[in-house]
There are 2 protein chains.
Amino acid sequence: MIVSLGELIAGIRPLDEAAMRAAQARQDLLTKPRGSMGRLEALSLQLAGITRRCPPPVPARKAVLVFAGDHGVVAQGVSAYPQEVTPQMVANFLRGGAAINVLSRGAGARVVIVDAGVAAPMPPADGLVSGKIAPGTADMSLGPAMTREQAAAAIALGAGVARREIAAGLDLLACGDMGIGNTTAATAITAAFTGSSPLHLTGAGTGLTPAGVAHKAEVVERALALNRPDPADGLDVLAKVGGYEIGGICGAMLAAAAAGIPVVVDGFIATAGALVAAALAPDAVAYMIAGHRSAEPGHDAALAWLGLTPLLDLGMRVGEGTGAVLAMNLVEASARIINEMATFADAGVSEKAG
Amino acid sequence: MIVSLGELIAGIRPLDEAAMRAAQARQDLLTKPRGSMGRLEALSLQLAGITRRCPPPVPARKAVLVFAGDHGVVAQGVSAYPQEVTPQMVANFLRGGAAINVLSRGAGARVVIVDAGVAAPMPPADGLVSGKIAPGTADMSLGPAMTREQAAAAIALGAGVARREIAAGLDLLACGDMGIGNTTAATAITAAFTGSSPLHLTGAGTGLTPAGVAHKAEVVERALALNRPDPADGLDVLAKVGGYEIGGICGAMLAAAAAGIPVVVDGFIATAGALVAAALAPDAVAYMIAGHRSAEPGHDAALAWLGLTPLLDLGMRVGEGTGAVLAMNLVEASARIINEMATFADAGVSEKAG
């Protein structure tokens, strides 16, 4: 399935305000003090706006798409783990032994793994979408990570995978990542869009020393100075300092928004994909729910740029979609509340005095 | 079943440190960067210590005990809702229409409602434990809310209900509350233990105006000045400024700790029960998991006093056990991670370089 970026973006509408107003009115009739469910009430309004229904359906069919890709910039020594870990972890996903598998079983979400650009050959396997754009990006500290055509292909790949899942039946989507070196790409993307200094945004990733973090920030600065990505052009930023898995995440988010399906955003890498999606289609942000706040320092800047507040703040920094899948339960709870609670009138409960 | 307080307290042991060390060692073998699951890792250690097993079992059997009681202090105009709402909401719980019912269905937790001291007569019903100590407390602004014997009876009631549930099969407990006026009692208890000023701790409860909040703080100050509860004597604090539902919660928490079962603490009222439990049996705190941070301002002071950090911070202020039940999913996730994830060796994944 070939997805054109223009067609994808054109399909994204603003949320349905009438459904959101109806959801607010319904919340105020339920047997609890007004506003007392906090974020869960706000979330139910967003779900109504996204699905254009009040009450919004309780999300039963859930999926997490985990996009994997490698990064040429690992040649600069920016990661605590060797590049061979990317295909090893993909194999771990396919056998069901990784954190994302465990949490997805708990959440009742199906897991789809996508090879968007793993450097090593990945044999076909059940549960693996073989969509390799190239065997890893080029080293962004020496030139663009990919061509503009490759960046567009990564977005189209993600959109195509998401559309296939939507066609199979989907109420709630999460996107995750695997790719040694990808916090370096996410840092560069976040710096390019927000204008924050890489020094301020760069973190330990999977476990760098302080000296390693300083070196990584310097590599990001070099890549930005050399490539000069244009923050007004999402595709340019993705091509110059991004990654194939980040492009895939961006495309899946755009496809979900176009189909009226809420997307739970994971940590720093997935949020970098969301930044690219927001640059391409600002209306897509309204379809996003920030699942958690990553321990990676750049994540806050990226979330703030999008205007998103995370549901969970548990000091997690695994990626893979883990924080997003963990937050799916809260999204489901918010929908259950607005669907299943009794009203004051139904229950014969007295309303607030005075 | 009659439960003696001394026997209950004597049964509470410190956590099993060997099981916690084994859990830490196991976490470090799993296919994720060390420490990258954040709070979920810490939680898995606590579960190992509580259950004295590594890995700790995934909690399958869950229950929330919702204790209801009325408060004589409502005569002072401290609540936005009339007292008749307490039995009306109990009836709503029994019909399954309240927030706690909806969230418990989502969490797979059974709901047990306990009449610990509702002012109105409560006809027997399926799912209702009739344990009324008295038809509401006395007005604590005019004298002690209850006698020392009544306070002990409330704790024994809660312990007895919890023990019955434990005998029926229980892996994870939450306690909730219903009682118009009970944020006033919780504020007084929190002030008594922490020494913070009622002015600092008092909030809007179910929806007071700012003038109403100021009046409520003044009523709490008066109750504390008149009754002089002794913070070194948990039973004295409960009797003088507490409530029957808060005593029930305290007793259930002590019984869970004695049985080696983790307890998810709900919001401000449940945490007031936890403060009484901690005063009676300091070792009980290690069995507690703070489910969420309530929007009620006194909750932070109570959590800090216990040294607990909440898992969720969603601006909720419903009570009933809702925040605790919502957090059960995270407790379950932490147990799944340590039980089900592959190790680096199992999965053939390379470990961190250097």
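The values are calculated or read from the model by the stated rules, or taken from the named source; none is laboratory data. Since we're looking at a predicted model, the values are computed, not measured. With ideal geometry, Cβ positions are generated from the backbone for all residues, glycine too; neighbour counts draw on all protein chains shown. Please note that ligands, DNA and RNA were not included when accessible areas were found on the heavy atoms of the full protein model with its side chains. Shrake-Rupley method; radii C 1.70, N 1.55, O 1.52, S 1.80 Å.
Regarding A:Glu245, is this residue open to solvent by less than 10 Å² (accessible area, probe 1.4 Å) and among the acidic types (Asp, Glu)?
In short, yes.
Which residue, of A:Ala239, A:Ala256, A:Ala217, is assigned to a helix (DSSP H, G or I), at pLDDT 95 or above and within 30 Å of A:Leu40 (Cβ to Cβ)?
Numbers: A:Ala239 fails: within 30 Å of A:Leu40 (Cβ to Cβ); A:Ala217 fails: within 30 Å of A:Leu40 (Cβ to Cβ).
Answer to the selection: A:Ala256.
Of all residues in segment B:293-303, exactly one satisfies the criterion of being open to solvent by 10 Å² or more (accessible area, probe 1.4 Å) and touching a strand residue (DSSP E or B) at 6+ places or on another chain (Cβ under 9 Å), namely B:Arg293.
Quick one: would you say A:Val118 is within 21 Å of A:Gly131 (Cα to Cα) and under 22 Å from the mean Cα position of the chain (by Cα)? Full working, then the answer.
Working: within 21 Å of A:Gly131 (Cα to Cα): yes; under 22 Å from the mean Cα position of the chain (by Cα): yes.
Yes: the conditions hold for A:Val118.
In the set A:Val129, A:Val90, A:Val102, which member is more than 14 Å from chain B (Cβ to nearest Cβ) and of a type in the set (Val, Ile, Thr)? If you could, list the steps in order and put the result at the bottom.
Working: A:Val90 fails: more than 14 Å from chain B (Cβ to nearest Cβ); A:Val102 fails: more than 14 Å from chain B (Cβ to nearest Cβ).
Just a single option satisfies the conditions, and that option is A:Val129.
If you scan segment A:68-84, which residues turn out to be buried (at least 24 other Cβ atoms within 10 Å of the Cβ) and within 9 Å of chain B (Cβ to nearest Cβ)? Once the filter is applied, which keeps residues that are buried (at least 24 other Cβ atoms within 10 Å of the Cβ) and within 9 Å of chain B (Cβ to nearest Cβ), segment A:68-84 yields only A:Ser79. Residues that are open to solvent by less than 10 Å² (accessible area, probe 1.4 Å) and part of a strand (DSSP E or B) were ranked within segment A:23-67; the one that is nearest to the other protein chains (Cβ to nearest Cβ) is A:Leu30. From the list B:Val285, B:Val276, B:Val265, B:Val325, the one residue that fits, being of a type in the set (A, V, I, L, M) and within 14 Å of chain A (Cβ to nearest Cβ), is B:Val325. Among the residues in segment B:255-269, are any closer than 15 Å to B:Thr187 by Cα, of a type in the set (A, V, I, L, M, F, W, C) and crowded, with 24+ Cβ neighbours inside 10 Å? Scanning segment B:255-269 turns up at least one residue that is closer than 15 Å to B:Thr187 by Cα, of a type in the set (A, V, I, L, M, F, W, C) and crowded, with 24+ Cβ neighbours inside 10 Å. When B:Arg110 is tested against (1) more than 14 Å from B:Thr322 (Cα to Cα); (2) open to solvent by 40 Å² or more (accessible area, probe 1.4 Å), just one condition goes unmet, and that condition is (1). The residue of segment A:304-344 that is surrounded by the most Cβ atoms within 10 Å (Cβ to Cβ), among those that are in contact with a Gly (Cβ under 9 Å, 6 or more places away or on another chain) and hydroxyl-bearing (Ser, Thr, Tyr), is A:Thr322.
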